[in-house]
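> Before we start, here is the structure in question, set down as structure tokens.
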Amino acid sequence: MTKTSITLAGFALMAGAALLAQQQPIVKTTSVTGSATIQAIDSTTRKITLRNDKDGEEDTFVAGPMVERFNELKVGQKVKMTYYESLVVQVRKPGDKVAPAGMEASVTRGTGAMPGATISAQERATVTVKALDPAVPSITVTTDDGRTVTRKIEDKKNLEGIKPGDKLELTYTAALLTHIEAAK
């Protein structure tokens, strides 16, 4: 995810959040869970064909070298996946410390009898409030690389207590948890 993406996601969150006025962090989380059944495996190309258990749609994926236990995968096994996403927006007044911008990613391999892993990434960015227009209502910010972005806010109450010069600290986190279940 790019800084632009988390900036835009932050504004989308602000559009529906009323906590900014109290200067408390806004936390928005979502998760999606699904499963698929392995239909085919090509060991030479490391391609796996999965059928979505919900709608029957099939797709083929290449398992890169990150998939260390590829040889343990078998046709008929279930692949269970949960995708988590969260965004935290914190209003910082001029002079407040802000977390440094950056991105971190990690892969944690499962140690159970069946293959599994958690892949996660977190990105942080801070934008500076440049202008507010309560009539629209909208907010204009400047990113740390100098771009100016303006977004409409659904509820102008969300702009209360925010002033030009304030900083919005955005932390976006995404994680994919996956594990294999034995074929039945």
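> Here is a list: Met81, Met114, Met103. Which entry is hydrophobic (A, V, I, L, M, F, W, C), at pLDDT 95 or above and on the phi < 0 side of the Ramachandran plot?
Met81
> Can you name every residue in the stretch 127-184 that is closer than 30 Å to Gly110 by Cβ and of a type outside the set (D, E, K, R)? Spell out how you get there, then give the answer.
If we filter the stretch 127-184 for residues that are closer than 30 Å to Gly110 by Cβ, which is where we start, we get 171-184.
Scanning the stretch 127-184 gives Thr171, Tyr172, Thr173, Ala174, Ala175, Leu176, Leu177, Thr178, His179, Ile180, Ala182, Ala183.
> Taking the conditions exactly as written (touching a strand residue (DSSP E or B) at 6+ places or on another chain (Cβ under 6 Å) and exposed (fewer than 11 other Cβ atoms within 10 Å of the Cβ)), does Ser106 satisfy them or not?
Yes: the conditions hold for Ser106.
> Checking Gly146 against (1) exposed (fewer than 13 other Cβ atoms within 10 Å of the Cβ); (2) in contact with a strand residue (DSSP E or B) (Cβ under 8 Å, 6 or more places away or on another chain); (3) among the small types (Gly, Ala, Ser): exactly one of these is not met. Which one?
Result: Gly146 passes all but (2).
> Having 1 or more residues that are farther than 30 Å from Leu168 by Cα, small (Gly, Ala, Ser) and touching a residue at least 40 places away in the same chain (Cβ under 8 Å) is the bar; report the strands (runs of 3 or more DSSP E) wholly within the stretch 20-84 that clear it.
By residue number, 26-42.
> A follow-up question, please. So which of Val91, Val79, Val75, Val107 ends up being over 19 Å from Ala63 (Cα atoms) and among the aliphatic types (A, V, I, L, M)?
Selected residue: Val91, the only one of Val91, Val79, Val75, Val107 that is over 19 Å from Ala63 (Cα atoms) and among the aliphatic types (A, V, I, L, M).
> So, in the stretch 149-184, exactly how many residues are over 30 Å from Ile119 (Cα atoms), in contact with a helix residue (DSSP H, G or I) (Cβ under 6 Å, 6 or more places away or on another chain), surrounded by 14 or more Cβ atoms within 10 Å (Cβ to Cβ) and not β-branched (Val, Ile, Thr)?
Total meeting the criteria: 2.
The values are calculated or read from the model by the stated rules, or taken from the named source; none is laboratory data. Bear in mind the structure is a predicted one, so any value in this text is a computation, not a measurement. Note: ideal-geometry Cβ built from the backbone for every residue, glycine included; neighbour counts use all protein chains shown.
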